[in-house]
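J.: Could you have a look at this structure, given as structure tokens, before my questions?
Values in this text are rule-based calculations from the coordinates and carry no lab data. Because the structure is predicted, anything quoted here is derived from the model rather than measured. Cβ: placed from backbone, ideal geometry, glycine included. Neighbour counts: every protein chain shown.
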Amino acid sequence: MTAAEAVISKCTKGVAGAGAVILVLYSAAAALAPGAFDQVFLSDWGGAILGFAAAAVILRTALYFERGESLRTQWLLICAAVTLWAFGDGMFALIVSSTHASPAVPGPQDVFYVAGYVLIPIALLMIAYSYRRLVDMRWPVFVAGGITAAFAGLMWLAVIQPSLETTTTDFIERVTLAFYPLAALVLALGPVILIIVTITRLGAGRLAWPWWLAAVGAGAVAISSAVYSYLTFNSAYTSGSLVDYGWMLGYYLILVGALVERDVQSARRTS
Amino acid sequence: MGQLAEICVAALEPYIGRVVADTVVRATALSLGKPMDELCMTDLPALRKNIRRVLEPVAARTTIENIIRDIEVRVE
């Protein structure tokens, strides 16, 4: 029996397996038969429901830890960010369902999305910083800072600057759409890279397992938001686009990460 | 590597990996002014204190106490 088999509970394996199958079938159905399903129900409401489910599982994990423990604060912050994003998805789905058109940008949904983007970097930086006594943080900070700066420069030149300079849409809409790719890079992907480079030093150490999943999940949400902005700006986004499943993948990975965290922290076996 | 150092690294390894576990035990030994393979039973309180200090931000209290209990059981 491998270490993972000994530590990961049947419940986590079941939820992870069933979730993966549902996610694959769900996205395959929407991709292969786009006209056969109500895309709003599948992608927009589906994303919101999955987001709230992830938030509930994350809250359960956060409350497993005692008051004053760092992990409780970290998971509570992730829970708050995912809840805000799920509210944003719900607001988006509500507007699309009632008006049969994409919501205005900026709209009520953006209040929740932006609030989530304020909380997620705080949580991710707290997680990375918590490893400072185990890992020399200079190299992870250097790598994450360098990659983030390089990508931010490229994105500024390729996407954000042309978006801001165009005169075919309102300035406030251009600023809102420019915020998401920039926030995705600087506020989410930068800290995600920092966490990944930091926990790579732990090798197969099980304390890193939940953060691999949560960090990649947060990265998937961030990349999806950036792609959504790009598609919306170019009038190429419709509900049910592949990008919707990027958000779902992100929520799913964070949810599984929260389940793995409980298993890792409650396992008594050390070898 | 001394026996106590080996036991500590073996107990920490599943949680933080071999390299970091080795670094934690080595750092404790250096703070006591001795090489890692000279750690002995009298150094156990210092090892316990350092393990609690480095793991406190990344692990639950129960997890840390399980690791320390595991070390004590293996030492006995």
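J.: Starting with the fewest neighbours, write out A:CYS11, A:CYS79 ranked by other beta-carbon atoms found within 10 Å of each beta-carbon.
T.: A:CYS11, A:CYS79
J.: Could you give the size of the charge dipole of the stretch B:3-75 about its Cα centre, using +1 on the Cβ of each K and R and -1 on the Cβ of each D and E, expressed in debye and rounded to the nearest 20?
T.: Computed charge dipole of the stretch B:3-75: roughly 240 debye.
J.: If you don't mind, another one. Checking the a/c ratio against 1.5 first, then a/b against b/c, what shape does the Cα gyration tensor give for the stretch A:175-271?
T.: On the way: a/c = 4.08, a/b = 2.14, b/c = 1.90.
Because a/c hits 1.5 or more and a/b exceeds b/c, the stretch A:175-271 counts as prolate.
J.: Per DSSP H run of n ≥ 4, the term is -39500 (n - 2.57); total these for chain A, divide by its residue number, and report the mean residue ellipticity at 222 nm rounded to 500 deg cm²/dmol. Before the final figure, lay out the partial values.
T.: Numbers: 11 runs with 196 residues, N = 271.
When only DSSP H runs of four or more count, the value is -24500 deg cm²/dmol.
J.: Also: Can you give me the convex hull volume of the Cα atoms of the stretch A:96-219, divided per residue and expressed in Å³?
T.: 119 Å³
J.: Assuming 0.36 nm per residue, please report the length gained on full extension of the stretch B:GLN3 to B:VAL75 beyond their Cα-Cα distance. Show your work: numbers first, answer last.
T.: Numbers: separation 72, 0.36 × 72 = 25.92 nm, distance 0.86 nm.
Here the answer is 25.1 nm.
J.: Sticking with this one: When the Debye formula is applied to the Cα atoms of the stretch A:3-266, each taken as the same point scatterer, what base-10 log of I(q)/I(0) results at q = 0.08 Å⁻¹?
T.: Taking Cα atoms of the stretch A:3-266 as identical point scatterers yields -0.32.
J.: Also, I was wondering about something else. Rounded to the nearest 20 Debye, what is the dipole magnitude of the stretch A:3-266 about its Cα centre when Lys and Arg each give +1 and Asp and Glu each give -1 at the C-beta? Mind showing how you got there, number by number?
T.: Values: 12 positive and 14 negative charges, 186 e Å.
Using only the charged Cβ atoms, the result is roughly 900 debye.
J.: Sticking with this structure for a sec: Once fully extended, how much extra length lies between A:HIS100 and A:SER266, figured as 0.36 nm per residue of separation less the alpha-carbon to alpha-carbon distance?
T.: 55.0 nm is the gain from fully extending A:HIS100 to A:SER266.
J.: I've got another one for you. Could you name the lysines whose alpha carbon sits less than 25 Å from that of B:LYS49, not counting residues in the same chain fewer than 8 places away?
T.: Excluding near neighbours in sequence, the set is B:LYS34.
J.: Which FRET efficiency value, to the nearest 0.05, do you get for A:VAL175 and A:VAL141 by plugging their Cβ-Cβ distance into 1/(1 + (r/R0)^6) with R0 = 51 Å? Provide the component values of the computation, followed by the final result.
T.: Values: r = 29 Å, r/R0 = 0.58.
In this case the efficiency is close to 0.95.
J.: For helix A:138-155, what angle does its Cα long axis make with the longest principal axis of chain A, in degrees from 0 to 90 and rounded to 10?
T.: With rounding to tens, the tilt is 10 degrees.
J.: Report, as an integer, the average count of C-beta atoms from other chains found within 10 Å of each Cβ along B:48-60.
T.: 5
J.: Here is a further query. So how far, in whole Å, is the C-alpha centre of the stretch A:89-151 from the one of the stretch B:6-76?
T.: Going from one Cα centre to the other spans 36 Å.
J.: Stretched out fully, how many nm does the piece from B:ARG18 to B:THR42 gain, at 0.36 nm a residue minus the Cα gap?
T.: Here the segment from B:ARG18 to B:THR42 would lengthen by 6.3 nm.
J.: In degrees, nearest 10, range 0 to 90: what is the angle between the Cα axis of helix A:70-99 and the longest Cα principal axis of chain A?
T.: 30 degrees
J.: On to the next question. Order these by the 10 Å Cβ neighbour count, fewest first: A:PHE52, A:PHE65, A:PHE142.
T.: Going from least to most buried by this count: A:PHE142, A:PHE52, A:PHE65.
J.: Other chains near A:133-142: what is the mean number of their Cβ atoms within 10 Å of each residue's Cβ?
T.: Partner Cβ neighbours, averaged per residue: 3.
J.: For the Cα atoms of chain B, what angle does the longest principal axis make with the long axis of helix B:61-75, in degrees from 0 to 90, nearest 10?
T.: Around 40 degrees separate the two axes.
J.: For A:TRP139, A:TRP45, what's the fewest-to-most ordering of other Cβ within 10 Å of each Cβ?
T.: Placing the least packed residue first, the sequence is A:TRP139, A:TRP45.
J.: For A:LYS10, go through the aspartates and glutamates and keep the ones whose alpha-carbon is under 16 Å away, minus same-chain ones fewer than eight residues off.
T.: Straight-line reach from A:LYS10, under 16 Å: A:GLU261, A:ASP263.
J.: Express the C-alpha Rg of chain B as a ratio against the empirical globular expectation 2.2 N^0.38 Å, rounded to two decimals.
T.: Computed over Cα atoms of chain B, the ratio equals 0.97.
J.: Lys/Arg Cβ at +1, Asp/Glu Cβ at -1, dipole of the protein assembly as shown taken about the Cα centre: which of A:LEU213, A:TYR252, A:LEU202 is farthest positive-ward?
T.: Selected residue: A:LEU202.
J.: Let me ask something else about it. Could you let me know the centre-to-centre spacing of the stretch A:41-78 and the stretch A:199-271, using Cα atoms, in angstrom?
T.: Value for the Cα centre distance between the two parts: 12 Å.
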